[in-house]
1. Among (i) 11.5; (ii) 10.8; (iii) 10.1, which is the computed mean projected area of the Cα convex hull in nm²?
2. Could you tell me the convex hull volume per residue, in Å³, taken over the Cα atoms of region 1-111?
3. What list of ³J(HN,Hα) couplings, whole Hz, do you get for region 22-39 from phi and the Karplus terms 6.51, -1.76, 1.60, once you set θ to phi - 60° and write x for glycine and proline?
4. Restricting to the chain, what percent of DSSP beta bridges are antiparallel, rounded to 5?
5. Could you work out how far apart the two model spin labels at VAL30 and ARG69 are, taking each label as a point 7 Å from the Cα in the direction of the beta carbon, and quote it in nm?
6. Sorting THR2, THR143 on the 10 Å Cβ count, fewest up front, what's the list?
Amino acid sequence: MTRRAVFLDRDGVLNRAVVREGKPYPPASVAEVEILPGVPDALERLKRGGFMLIVVSNQPDVARGTATRDTVEAINAYLGAALPVDRFIMCYHDSGDGCNCRKPRPGMLLDGAREFGVDLGGSYMVGDRWPDVEAGVAAGCKTVFLDYGYAERQPETVDYRVRSMADAASVILEEEKDRPEPPEDRT
């Protein structure tokens, strides 16, 4: 049986992003992490709906030398202890590194799908920035954009535009109610 997943960006989706001059940034330490209202319940609802929860996050500050990998991993551990996340997959590269994992490329989603046997066509990508949405499109997922009105480029194509993770979970679960059951595998 193939699994379905909700791929989640981290900063701005699970925890509050630090917004400076209209642009979002990750918290600098665990002490700055604030889980957004409604996120624990939204993730629990998605888990009960049968979804794996895989966090896929660009963390270029590590490559830039303004954050350490240990700090990123400590924030992930903190969030993982508080939320029902199945896996954290990080890209520690900067835009000039040419890696396949940095969103808008779909590498982290493809890696997560391979690791857990996830059907990308039956999965979702939830993010608050255009690279999140483009990575989801490139991977073949449906996309949900948390629109916080950042002063930056907006995604060109998105399946759903919402204001919170609670709204994202509701949209995903509502769509799943209308989804036809897959045919039984008779092999």
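1. (ii)
2. Details: hull volume 12.3 nm³, N = 111.
Normalising the Cα hull of region 1-111 by residue number yields 110 Å³.
3. Values, residue by residue: x, 10, x, 9, x, x, 7, 7, 4, 4, 8, 6, 10, 5, 5, x, x, 5 Hz.
4. 15
5. Each label point is offset 7 Å from its Cα along the Cβ direction, giving 1.9 nm.
6. The order, fewest Cβ neighbours first, is THR2, THR143.
Every number in this text was worked out from the coordinates using simple rules, so none of it is lab data. Remember, it's a predicted structure, so these values are computed and weren't measured experimentally. Backbone-built Cβ (ideal geometry, glycine too); neighbour counts: all protein chains shown.
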